[in-house]
Amino acid sequence: MESTSELNILKRLLEEYQGRLVRFAYSYVRDWGVAEDFTLEAFMYYWENRRTLTPGTNAPAYILTIVKHKCLNYLEHLQVKEGVAEKLRNHAAWELQMRIATLEACEPNELFTSDMQEIVRKTLAGLPAQTRRIFSMSRYENKSHKEIAAQCGMSVKGVEFHIAKALKILRQNLKDYFPLLGMLLSELLY
């Protein structure tokens, strides 16, 4: 049980040093909440261990040492965290640079290797005649859906159905090639 004189000592220490210690901690951690927490934790640690300290221990210096170590640990943790963040930023920058370089080197005409061209040829050959004809008119003759509908004697919706059907089969047959091929086909074929 604490005596009144002990509590008075703690009260005096808090009144005299708490503000200075918080400002000291803040000057390093740059966060008032963290600085206040470290200071109060240091006072509590001192108070809980006061009876095991060497007689004549300089209480303010002892508490300041605790605050100092808490600030050091905090800053070292921030330094490690910043190092990891820097590595992640460097990796992200490298990845972005690789994507840019890959995209710059990308030649759409070369994307379709002979194997893929063969798959496209066989897929189109395997389509029903009307679907193949409508798809070819759209993609190879650059005709609009309206023009194709008029030429084939059907509605624009019917033309869209046949084109969607051909694209679906092409996507399925080419799915094992490049992960981006689906996106590229969407952009190239629409």
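The values are calculated or read from the model by the stated rules, or taken from the named source; none is laboratory data. Small disclaimer: the values here were computed from a predicted structure and weren't measured. Heads up, the Cβs are rebuilt from the backbone with ideal geometry, glycines too, and the neighbour counts pull from every protein chain shown.
The set of residues from segment 30-44 being surrounded by fewer than 19 Cβ atoms within 10 Å (Cβ to Cβ) and either among the acidic types (Asp, Glu) or touching a Phe, Trp or Tyr at 6+ places or on another chain (Cβ under 9 Å) (or both) comprises Asp31, Trp32, Val34, Glu36, Asp37, Glu41.
Could you pull out the residue among Thr65, Thr57 that is out of contact with any Cys (no Cβ under 6 Å at 6 or more places or on another chain), within 30 Å of Tyr26 (Cβ to Cβ), assigned to a loop (DSSP other than H, G, I, E, B) and modelled with pLDDT of 90 or more? Working first, answer last.
Working: Thr65 fails: assigned to a loop (DSSP other than H, G, I, E, B).
None of the other options fit; the residue is Thr57.
Does any residue of segment 143-165 turn out to be closer than 27 Å to Leu103 by Cα, assigned by TED's automatic domain parsing to the domain that holds Gln117 and out of contact with any His (no Cβ under 9 Å at 6 or more places or on another chain)?
Going residue by residue through segment 143-165, those that are closer than 27 Å to Leu103 by Cα are none.
Among the residues of segment 143-165, not one is closer than 27 Å to Leu103 by Cα, assigned by TED's automatic domain parsing to the domain that holds Gln117 and out of contact with any His (no Cβ under 9 Å at 6 or more places or on another chain), which makes the answer no.
Residues in segment 51-89 that are hydrophobic (A, V, I, L, M, F, W, C) and under 18 Å from Gly19 (Cα atoms): 7 in all.
Checking Met98, Met116 one by one, the residue that is assigned by TED's automatic domain parsing to the domain that holds Gly158 and modelled with pLDDT under 90 is Met116 and no other.
Given the criteria outside any helix (DSSP H, G or I) and either among the acidic types (Asp, Glu) or within 39 Å of the chain's Cα centre (by Cα) (or both), does Glu141 qualify? Give the derivation first.
Details: outside any helix (DSSP H, G or I): yes; either among the acidic types (Asp, Glu) or within 39 Å of the chain's Cα centre (by Cα) (or both): yes.
So Glu141 passes the test.
Mind telling me which of the residues Arg121, Arg133 ends up being modelled with pLDDT of 90 or more, surrounded by 10 or more Cβ atoms within 10 Å (Cβ to Cβ) and under 30 Å from Met154 (Cβ atoms)? Residue meeting the stated conditions: Arg133.
Those residues that are small (Gly, Ala, Ser) and under 20 Å from Met116 (Cβ atoms), I need them from segment 126-173; list them, please. So that I can check it myself, show each step before the final result.
Just the residues of segment 126-173 that are small (Gly, Ala, Ser), to begin with: 126, 129, 136, 138, 144, 149-150, 153, 155, 158, 164, 166.
Of everything in segment 126-173, those that are small (Gly, Ala, Ser) and under 20 Å from Met116 (Cβ atoms) turn out to be Gly126, Ser136, Ser138, Ala166.
Please indicate, with yes or no, whether at least one residue in segment 71-78 is among the hydroxyl-bearing types (Ser, Thr, Tyr) and part of a helix (DSSP H, G or I). Checked segment 71-78: at least one residue is among the hydroxyl-bearing types (Ser, Thr, Tyr) and part of a helix (DSSP H, G or I).
Within segment 90-98, not a single residue is in a helix (DSSP H, G or I), in contact with a helix residue (DSSP H, G or I) (Cβ under 8 Å, 6 or more places away or on another chain) and charged (D, E, K, R). Within segment 157-175, residues that are free of Cβ contacts under 8 Å to residues at least 60 places away in the same chain reach partners that are assigned to a loop (DSSP other than H, G, I, E, B) and aliphatic (A, V, I, L, M) with beta carbons closer than 7 Å, at six or more positions or on different chains, in the pairs Ala166/Leu127; Ile169/Leu127. Go through the residues of segment 154-165 one by one and say whether even a single one is part of a loop (DSSP other than H, G, I, E, B) and either at pLDDT 90 or above or touching a Lys or Arg at 6+ places or on another chain (Cβ under 8 Å) (or both). Within segment 154-165 (the criterion being part of a loop (DSSP other than H, G, I, E, B) and either at pLDDT 90 or above or touching a Lys or Arg at 6+ places or on another chain (Cβ under 8 Å) (or both)), the answer is yes, since at least one residue qualifies. Sub-8 Å Cβ pairs linking a first residue in segment 23-48 that is under 18 Å from Ala61 (Cα atoms) and at pLDDT 95 or above to a second residue that is among the charged types (D, E, K, R) and crowded, with 19+ Cβ neighbours inside 10 Å, at least 6 apart or interchain, are Ala25/Lys70; Phe38/Lys70; Glu41/Lys70; Ala42/Lys70, ordered by first then second residue.
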